[in-house]
Amino acid sequence: MKFTMKIPYTPAFTMADLWQVLKNLLMLAAGGTICAVAVNGIIIPHEFAASSATGLTLIIKELVPALDVGVIYLLLNIPLFLAAMMAVGRRFFFYSLAGTVIFSLALAFVHVDLTVDNDILAAVFAGIIIGIGGGITLRSQGSAGGADILSVMLMKRFSIPLGSTVLALNLVVLSLTAVVFSLDAALYTLIQIYVAAKLIDLVVTGLSQRKAVMIISKHWPEINREILRDLRRGTTIIPARGGFSGNEENMLYAVVNFQEIGQLKNMIRTIDPDAFVVVTETMEVMNYRIGNQPHW
């Protein structure tokens, strides 16, 4: 008698996959549109220099007027896209390609009049808008091209914050801007870039910031039980020895999100007011439950 086992059919592309694609495209569209509003509504009217790859494109255009802006931007992005495919993955590559197209279309068709007379206030306002738009874009599984691609690669490989990479790259662009255009344009653009870099970090990782907590207490079993039961967070029990007393103790280590830190401190204070508690910032946490690393 011949035995055959039927393997249940599972569709290659599910509704959940479709929703994920639509969600990423919507985030890319929203982020690109928001950035285009700042570029067309503030940066261009105030004659500020642009940032990252866009700024470098304008500098090359100024030096070589015969070249088309679109061609320059495309040529600058080609090596970055190839590197992204190898270093981050094909998914990031295709989403970033879509993000670049969406951003280009938004620049061409989205024009909102944002009247800000003061140049410094305009630079700050533009930085806030671009930071929010860029952060939303990078919350997706892609980017809008340019410096975003390099930022994601460096974060994946070396855990360098996204905003720090953007700021470093833009300092190079600003130096060239001061030479090719004017020092005033470079300084106003520096304000815009700095504000945008901080907002990008806030939107991408700051709102999902994780806190690492170390707790030393004689009542550690009760505290551990409350963390597991009420907060539903994992803990690690680390054997420790008091440096002065030499007594053996147990230290609890846990990672919680920003919203839970207040509840945790109140709970510890209720159980043991004399507990020694250290709360530290984390750059990124990798875990399927408590992790906050963007999934590019």
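The values are calculated or read from the model by the stated rules, or taken from the named source; none is laboratory data. All of these numbers come straight from a predicted model, not from anything done at the bench. Glycine gets a Cβ as well: all are built from the backbone with ideal geometry, and neighbour counts include every protein chain shown. For accessibility, only protein heavy atoms count, side chains too; no ligands or nucleic acids. Shrake-Rupley method; radii C 1.70, N 1.55, O 1.52, S 1.80 Å.
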Model label zone, Ser182; criterion: amide N under 18 Å from point 7 Å along Cα-to-beta-carbon; scope the range 13-45: 42-45
Taking the Cα centre of the range 210-281 as origin and charging only Cβ (+1 Lys, Arg; -1 Asp, Glu), how large is the dipole, in debye to the nearest 20? 200
At 222 nm, what value in deg cm²/dmol follows for the chain if DSSP H runs of at least 4 each add -39500 (n - 2.57) and the sum is divided by all its residues, to the nearest 500? -19000 deg cm²/dmol
Which order do peptides 246-253, 174-181, 26-33 fall in by mean Cβ count within 10 Å, highest first? 26-33, 174-181, 246-253
With r as the distance between the Cβ atoms of Arg233 and Ala16 and R0 = 22 Å, compute the FRET efficiency 1/(1 + (r/R0)^6) and round to 0.05. 0.25
Amide H of Val285 versus every other amide H placed in the peptide plane: which residues, excluding those fewer than 5 positions away on the same chain, fall under 5 Å? Asn292, Gln293
Between the range 236-285 and the range 81-133, the alpha-carbon center distance in angstrom: 41
Kindly list the residues of the range 94-117 that lie in the label zone of Leu25, defined by a backbone N under 20 Å from the point 7 Å along the Cα-to-C-beta vector. 94-110
Take His111 and Lys198, extend 7 Å from each Cα along the Cα→Cβ direction, and tell me the distance between the two endpoints in nm. 3.3
Note: Asn257 to Ile78 extended length (0.36 nm per residue) minus current alpha-carbon separation gives 60.6 nm
Would you work out the charge dipole size for the range 18-205 about its Cα centre, treating the Cβ of every Lys and Arg as +1 and the Cβ of every Asp and Glu as -1, and quote it to the nearest 20 debye? 920
Estimated FRET transfer efficiency (Asp68, Met283; beta-carbon r; R0 41 Å; 0.05): 0.55
Could you tell me what percent of the accessible area of the chain is made up of carbon and sulfur, with a 1.4 Å probe and every protein chain present? 66
Correct semi-axes for the range 85-205, from √(5λ) of the alpha-carbon gyration tensor and rounded to whole Å with the largest first, are 25, 17, 14
Heads up, the range 234-288 by the C-alpha gyration tensor (a ≥ b ≥ c square roots of eigenvalues; a/c under 1.5 rounded, else a/b over b/c prolate, else oblate) looks oblate
Per the Cauchy relation, a quarter of the hull surface: what is the mean projected area of the convex hull of the alpha carbons in the range 164-209, in nm²? 2.9
Please state the shape class of the range 124-175: rounded when a/c is under 1.5, otherwise prolate if a/b exceeds b/c and oblate if not, all from the C-alpha gyration tensor. oblate
For the chain, state the average projected area of the convex hull of the C-alpha atoms over all orientations, rounded to one decimal in nm². 25.2
Using 0.36 nm per residue of separation minus the Cα-Cα distance, give me the extension gain between Arg90 and Arg157 in nm, one decimal. 22.5 nm
Per residue, how much accessible area does the range 210-281 have with a 1.4 Å probe, in Å²? 63
